[in-house]
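A quick write-up on the structure given underneath.
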Amino acid sequence: MKFIETKLPGCFLIEMAPVGDARGYFVRTFCAHEFTKAGLNPIIAQASYSFNAKRGTLRGLHFQNAPAMEDKLVRCLRGAIFDVMADIRPGSPTFGQWVGYELSDSNHRQLYAPQGFAHGFQALTDDCMVGYQIGQFYEADKTAGVRFDDPDIAVAWPLPPVEQSPRDLAMPLLRDIRHEHLVAYPTPSEGSAG
């Protein structure tokens, strides 16, 4: 695995190296030892996936309120997505900025962000499947988000959205979220990485 820090401190693009032969290939997607060595949280409290039937489907930007914010590792298991992490850590030099990468079943990339980021993605293909490994447990009463079209974040989504949940469309703007619901910079994960 190759860990490439993005312009947002603590957020990493992870490239995997498949080993193949006539049968196909094998690729390691996670190693707690390598994550620890790179200063990332190696704990997985839960794993989930989402299925997205239509190209253009947009989910996000999601997070859990403090103290339940999540370390998140995302990869595309089938098809392709445009995956986005937005820095919402008060005090961060990149507060309100975002990064986005194409993750697909063929490029073997993953995107990791520590607590303090909002996550969203847009399906670039029909019938796409997205996998998540999350360092904290889901807490329904802590679920939150930021509008996908927040002008202060200004994510450049590659396609017009075709499917979104009513909940996502009703999310607040970042400027309207109380800072006590967020994790200040540096995040607990980064502070312990040394």
**Report entry** strands (runs of 3 or more DSSP E) contained entirely in region 1-101, each with at least 3 residues that are surrounded by 20 or more Cβ atoms within 10 Å (Cβ to Cβ) and out of contact with any helix residue (DSSP H, G or I) (no Cβ under 6 Å at 6 or more places or on another chain)
**Finding:** 58-64, 72-78, 80-87
Report task. Say whether the condition of being surrounded by 15 or more Cβ atoms within 10 Å (Cβ to Cβ), in contact (Cβ under 8 Å) with a residue 12 or more places away in the chain and of a type in the set (Phe, Trp, Tyr) is met by at least one residue in region 133-146. Result -> no
Report summary line: Pairs returned, first residue in region 166-194 that is modelled with pLDDT of 75 or more, second residue that is hydroxyl-bearing (Ser, Thr, Tyr), beta-carbon separation under 9 angstrom, 6 or more apart or interchain, are Arg167/Thr143; Ala184/Ser92; Tyr185/Ser92; Tyr185/Thr94; Pro186/Ser92
Query - Which listed residue is among the small types (Gly, Ala, Ser), touching a His at 6+ places or on another chain (Cβ under 7 Å) and closer than 26 Å to Val27 by Cα, from Ala113, Ala144 - result: Ala113
**Report entry** Condition met for Asp168 (within 17 Å of the chain's Cα centre (by Cα) and either within 19 Å of His181 (Cα to Cα) or surrounded by fewer than 16 Cβ atoms within 10 Å (Cβ to Cβ) (or both))
**Finding:** yes
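The values are calculated or read from the model by the stated rules, or taken from the named source; none is laboratory data. Everything numeric here is computed off the predicted structure, so don't read it as measured data. Methodologically, a virtual Cβ is constructed for each residue, glycine included, from the backbone with ideal geometry; neighbour enumeration extends over all protein chains shown.
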